[in-house]
Amino acid sequence: MESQENYSTVNAQAPEDKNSEPITQVQRDSVITSEDLPPKSLRIGVTLTALVALLGFAALYFGIIHP
């Protein structure tokens, strides 16, 4: 009987696509949502800072900027 109840619970949560498997609680808990990420302005700022640093290093390395 217990396996019958578990099967019906899993069936109730199954997605429409028959080829995919139902999502477990661990998978559901490990999904990264927008609330888990840092603010958008911080992400853009860090990305731009890293890009400028890499481009500056490349410019110095290839002699485009002569200090």
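Condition first: more than 18 Å from the chain's Cα centre (by Cα), assigned to a helix (DSSP H, G or I) and at pLDDT below 70. Can you find one or more residues in region 12-27 that meet it? Taking every residue of region 12-27 in turn, at least one turns out to be more than 18 Å from the chain's Cα centre (by Cα), assigned to a helix (DSSP H, G or I) and at pLDDT below 70.
Is at least one residue of region 42-60 exposed (fewer than 10 other Cβ atoms within 10 Å of the Cβ) and either outside any helix (DSSP H, G or I) or modelled with pLDDT of 70 or more (or both)? So far as region 42-60 goes, no, none of its residues is exposed (fewer than 10 other Cβ atoms within 10 Å of the Cβ) and either outside any helix (DSSP H, G or I) or modelled with pLDDT of 70 or more (or both).
The values are calculated or read from the model by the stated rules, or taken from the named source; none is laboratory data. Only a predicted model underlies this, so the values are computations on that prediction, with no experimental measurement involved. Positions of Cβ are backbone-derived with ideal geometry, glycine not excepted, and every protein chain shown enters the neighbour counts.
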